[in-house]
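Chemist: If you scroll down you'll find the structure; I have some questions about it.
Derivation of every value follows stated rules applied to the coordinates shown; laboratory data play no part. This structure is a prediction, so every number in the text was calculated from the model and none was measured. Cβ sites come from the backbone with ideal geometry, for glycine too, and all protein chains shown count toward neighbours.
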Amino acid sequence: MKRSRILNVLLILLLVVFVLYLFFGNHGLVRYYELKTELELLRQHNAELERQNEQLTRQVKVLREDVRAIENAIRQELGYVKEGELVVFFDDDDDVREPGPHETTPPEGGR
């Protein structure tokens with residue numbers, strides 16, 4: 001009788017250890033759900049990168065084929081202007097400043 005009781009306790013302990021390992025071990029259910037969540041996040045990130053890649057591919061195609069698109073990109077990104085164009089800069093602050101040595105004074109009544 002005592003022997004079977006010890007055997008039952010050992011089997012229960014073994015079962016508890018097995019269940020704990022099943023849930024919390026390196027290959028357990030908790031790790032499975034962590035990896036599943038990580039996989040979903042990586043898939044979403046991949047999809048976003050694919051969309052960006054497609055957009056950049058379209059931009060490259062346009063820049064290779066359309067001279068106006070190239071000119072527009074140069075103007076926006078590098079600040080180039082055509083000869084004879086007038087560029088006007090506006091200050092964000094409300095302070096009035098004196099013109100620099102190479103700037104002209106604005107006409108009377110205007111700014």
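Chemist: Given the residues L10, L15, L22, L42, which is the only one that is more than 27 Å from A73 (Cβ to Cβ), in contact with a Leu (Cβ under 9 Å, 6 or more places away or on another chain) and surrounded by 10 or more Cβ atoms within 10 Å (Cβ to Cβ)?
Modeler: Result of the check over L10, L15, L22, L42: L22.
Chemist: Can you tell me which of Y33, Y80 is part of a helix (DSSP H, G or I), surrounded by 10 or more Cβ atoms within 10 Å (Cβ to Cβ) and among the hydroxyl-bearing types (S, T, Y)?
Modeler: Y33
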